[in-house]
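Since the structure comes first, as structure tokens, the remarks are kept for the end.
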There are 2 protein chains.
Amino acid sequence: MLSSRIRHASLLEKIVTKETAASWIKDGMTIGFSGFTSSGDAKEIPVAIAERARAAGKPFKINVYTGASVAPTIDSVLADYMNIRLPFQSDKDLRKSINKGNVNYIDQHLSETGDALLTGAIPSVDIAVVEALAITEDGSIIPTTSGGNTHNYIKNAKEVIVELNLAQPLSLEGVHDIYEIGAFGERKPIPLQAVDDRVGRTSIPTGLDKIKGIVITEQLDDPKTLVEPDEETNTIARHLLNFLRDEIKAGRLSEKLPPLQSGVGSVANAVFHGFLHSEFHDLELYSEVLQDSVFDLIDAGKIRFASGGALTLSKEKMDVVLNHFENYRDKMMLRPQDMSNNPEIIRRLGLITINTAIEVDIYGNVNSTHIMGNKMMNGIGGSGDFTRNARLSIFVTKSIAKNGDISSIVPFISHVDHTEHDVMVVVTEQGVADLRGLTPRQRAIKLIENCAHPSYREQLYAYFNEASQRGGQTPHILEKAFAWHVRFNQTGSMREGSTPPLVEKEKVNVN
Amino acid sequence: MLSSRIRHASLLEKIVTKETAASWIKDGMTIGFSGFTSSGDAKEIPVAIAERARAAGKPFKINVYTGASVAPTIDSVLADYMNIRLPFQSDKDLRKSINKGNVNYIDQHLSETGDALLTGAIPSVDIAVVEALAITEDGSIIPTTSGGNTHNYIKNAKEVIVELNLAQPLSLEGVHDIYEIGAFGERKPIPLQAVDDRVGRTSIPTGLDKIKGIVITEQLDDPKTLVEPDEETNTIARHLLNFLRDEIKAGRLSEKLPPLQSGVGSVANAVFHGFLHSEFHDLELYSEVLQDSVFDLIDAGKIRFASGGALTLSKEKMDVVLNHFENYRDKMMLRPQDMSNNPEIIRRLGLITINTAIEVDIYGNVNSTHIMGNKMMNGIGGSGDFTRNARLSIFVTKSIAKNGDISSIVPFISHVDHTEHDVMVVVTEQGVADLRGLTPRQRAIKLIENCAHPSYREQLYAYFNEASQRGGQTPHILEKAFAWHVRFNQTGSMREGSTPPLVEKEKVNVN
């Protein structure tokens, strides 16, 4: 049986325990892990590394590079042992360490980690630790459920440790399309012209010699817990689909939509479920993460082809998809993130991109990463790669958070990830603001009128009107620009007239 | 003589006066003008349009699209008659109108105007008004000293009015490389792989029928007044060249540098003059504007090839270059801005990009457009196209402005055009901050230590240290984030302890 997974006999001798593999990881090393949104990441070795470090009781820090977010078996378990962490994460333990300044988190555009390695902008990889479906006769690694940065880490590393996952079905073989972008100065045009164009290989050339050891595992990916759509996310999805219908009526889109990209999460899921019961058909995806809803759409015959970077599924969907992958393999391809998120391709294909905002300011700048200016949430991920190069860039968010104590539309956002030059359309459960071709002042009115929660509109107009008195292309009152965030920090609410909660006042009295 | 410029006899009958041409421009129309950084723009017709509008004394507003900034004969003269203006300007009269809210200025990435037209995101062009060197036998237009958006406007317009410029020498013919990117969904990989690859035509297909009229002019481009390098800009240039030398020593760059891009202005000029007396050779440019210094470098045998979007020259240099263009034509090519600024190409070639910041915050975000948050200066131009896709993105600025009353390094910039994810290196006359691979906290120390003016370092550290107490990936004190700008607005200085100038106080007493 193992011969179907390890296709060159000499490799059998390289099978080691996870403890042995972990012993090769030394303090100060840079490790390039496979994995993208908890898919296709190594499961056993990272845990063994942490256990070994804990047992040794000596200072131990490594740099941890991945594709994007990875399972707690890396990001939670290793949080105390990380020096540099890049390019994306979404783990609550790791987030705490990052915000305390204990982990040096470098928040990168997901298309750019390979280039950063190539140009020496970040430390090079000592050892790549990658999950594999199989290793071919010539020592090429067949990845499992994600593309990620795996091929870049393998190329850049001195040695490769493979976690061979017997639980991932061999039917996944062939789903990958691994193309080498090449070095600056030697790059050729990427030949991809349609979402289903195959331009690369199905495995990553590695070489028998470079493989230092193989650890066998049978653990499946950490399943994604889906946040069920609620009334607001369903309304956002409805607005978004109606906006697309209006664009078709206006002749700005054809009935066959351009390829879609969508970020992870409940709104994206709600939008895709909206497509399920719609007139749209022959949908194409050129996206990062293929979630449950993509497979529902394939089952319903709605998707012509889905190109993604990872299969990120719930427990139930994983059972179905992995056991019947023959039903899906002609409809999809998985690519490394320097291809799934590639600006050249995104702008060539002319994507409709749908990403989630934490907050939006009245002029259309978007914060995707920070809470109240300071605290890192997850990271920018692919939102910058997609938004900047989209044919039609859309951001979605609920108009309020924390029971209305936070307005997602604010005078000035506390961190800027996407500038006014890039954000075309904003959708909340209140409606759609199409900002294309508008000046900042015109955008403000659209955003307040169409997207802000009614309970914050008056406050927003008050700011905008007072700012407008001062003139300028982008009117602001800098002394009040962050007053809403400051008020939230002090009183627990962005609402004007809010006072600190009683318990806080009492605390003050006690002191 | 005219037959060398108007190569189909039927077109001779289309020669009209500028007044007649102006009479075709109606209230409410959208006009697509040729021109990029005051090069290759129509000179006579815009003035005639303004004169006609003034004489008529009736409400008259048109939308004015260009390549980038254009001469006062468009932007100053027509400022009162503009509704929408895009995608870039640098005219002081127009700037005033924009900041009063009288002109609807849409500040776009220069690579994106063509796409905005193509997708219907902005009103389509009624009439294109374009300067030509000649019109070919099949009605193709040969542009003069800039690529700009001319080909997109001609394609999108119903009619084209040509300003045939007899003062531009016919030796310019052949310098253009006009490639059609194509519509979304039909785009092919752009075949360009080196700065000197010719991939397009030397003229813009227009058609004899589409040409409504021809106005003859003999006015040369408005010459560029160069700001002479001063001690600070020379020091910035020296730091920058030394940084490149260090990168070569570290093996991150080869001795033959990747192609360079540089924004307009005195620092860029100083940097290029620095190359003149350096060991660097075989330089390649893939840039927007080719200024005087580029020709000095060609004369010195330092430049292998320069691809640009426009020839933007001083009076003296214009005389030399235009009268002896045969010395330069093998060394350069002019491209439309959707090619000169194309993300696909920029990322493929791996450019070193050098652009100017208005202000930089301690975490490496850059403001390129706004003064004190409100007032538009010029626009983002190509800085976003280049920075986002660069191999090595560099921003330059003097560490202080207004005799030290403004620090260019601030706690929080008042407008964000380039985010921390994109800005790799900052250079001031104080030194170089290499931000690659650093966390925001690490970047802050680098920027304060290496780039901030000594007289502001203590103030910057005070902010950073207090903010750091609050924790977070990107420590901020939002209630104080804009205190420096507010102080400048109130007292005329960002320095702590500054008080309003006496005359202001007296004014207050009078009231």
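The values are calculated or read from the model by the stated rules, or taken from the named source; none is laboratory data. Model, not experiment: these values are computed from the prediction. Cβ atoms come from the backbone with ideal geometry, glycine included; neighbour counts cover every protein chain shown. Accessible surface areas use protein heavy atoms only, side chains included; no ligands, DNA or RNA. Shrake-Rupley method; radii C 1.70, N 1.55, O 1.52, S 1.80 Å.
Odds and ends about this structure:
- Inspection of the stretch B:98-114 finds no residue satisfying the criterion of being more than 9 Å from every other protein chain (Cβ to nearest Cβ) and among the basic types (Lys, Arg).
- Within the stretch B:441-476, being β-branched (Val, Ile, Thr) and open to solvent by less than 10 Å² (accessible area, probe 1.4 Å) holds for B:Ile448, B:Thr474.
- Taking the criterion of being on the phi > 0 side of the Ramachandran plot and open to solvent by less than 10 Å² (accessible area, probe 1.4 Å), the residues of the stretch A:1-48 that qualify are A:Gly35, A:Gly40.
Residues are listed down the side, and each one gets a yes or a no for (1) within 23 Å of the chain's Cα centre (by Cα); (2) over 29 Å from B:His415 (Cα atoms); (3) small (Gly, Ala, Ser):
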| residue | (1), (2), (3) |
| --- | --- |
| B:Ala50 | no, yes, yes |
| B:Ala68 | yes, no, yes |
| B:Gln89 | yes, no, no |
| B:Ser111 | yes, no, yes |
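- Test: residue in the stretch A:436-457 that is at pLDDT 95 or above, β-branched (Val, Ile, Thr) and within 27 Å of the chain's Cα centre (by Cα): no
- Beta carbons closer than 7 Å, at least 6 apart along the sequence or on distinct chains, pair a first residue in the stretch B:187-213 that is in contact (Cβ under 8 Å) with a residue 12 or more places away in the chain and under 19 Å from B:Tyr328 (Cα atoms) with a second that is assigned to a loop (DSSP other than H, G, I, E, B) and open to solvent by 30 Å² or more (accessible area, probe 1.4 Å) for B:Thr202/B:Glu173.
- Qualifying residue in the stretch B:173-189 (condition: in a loop (DSSP other than H, G, I, E, B) and buried (at least 24 other Cβ atoms within 10 Å of the Cβ)): no
- Answer residue from the stretch A:190-210, given it is hydrophobic (A, V, I, L, M, F, W, C), buried (at least 18 other Cβ atoms within 10 Å of the Cβ) and in a loop (DSSP other than H, G, I, E, B) and is farthest from the other protein chains (Cβ to nearest Cβ) among those: A:Val195
- For the stretch A:35-86, filtering for residues that are of a type in the set (S, T, N, Q) and assigned to a loop (DSSP other than H, G, I, E, B) leaves 5.
- Output for the stretch B:391-411, where each listed residue is within 11 Å of chain A (Cβ to nearest Cβ) and either in contact with a Gly (Cβ under 6 Å, 6 or more places away or on another chain) or open to solvent by 10 Å² or more (accessible area, probe 1.4 Å) (or both): B:Arg391
- Within the stretch B:259-271, one or more residues are more than 22 Å from B:Met333 (Cβ to Cβ), in the same structural domain as B:Arg388 (by the TED database) and either surrounded by fewer than 20 Cβ atoms within 10 Å (Cβ to Cβ) or in contact with a Leu (Cβ under 8 Å, 6 or more places away or on another chain) (or both).
- Contact map, the stretch B:246-266: residues that are within 9 Å of another protein chain (Cβ to nearest Cβ) paired with residues that are open to solvent by less than 50 Å² (accessible area, probe 1.4 Å) and among the basic types (Lys, Arg), Cβ distance under 6 Å, separation 6+ or inter-chain. Pairs shown: B:Pro258/B:Arg391.
- Total residues in the stretch A:460-490, condition outside any loop (DSSP other than H, G, I, E, B) and not aliphatic (A, V, I, L, M): 15
- Members of the stretch B:349-364 found to be open to solvent by less than 10 Å² (accessible area, probe 1.4 Å), part of a loop (DSSP other than H, G, I, E, B) and either modelled with pLDDT under 95 or not small (Gly, Ala, Ser) (or both), listed by number: B:Leu351, B:Ile362, B:Tyr363
- Listed by first and then second residue, the pairs with beta-carbon distance under 9 Å, at least 6 apart or on different chains, first residue in the stretch A:44-73 and more than 16 Å from A:Glu131 (Cα to Cα) and among the β-branched types (Val, Ile, Thr), second in a loop (DSSP other than H, G, I, E, B) and open to solvent by less than 30 Å² (accessible area, probe 1.4 Å), are A:Ile62/A:Ile25; A:Ile62/A:Leu78.
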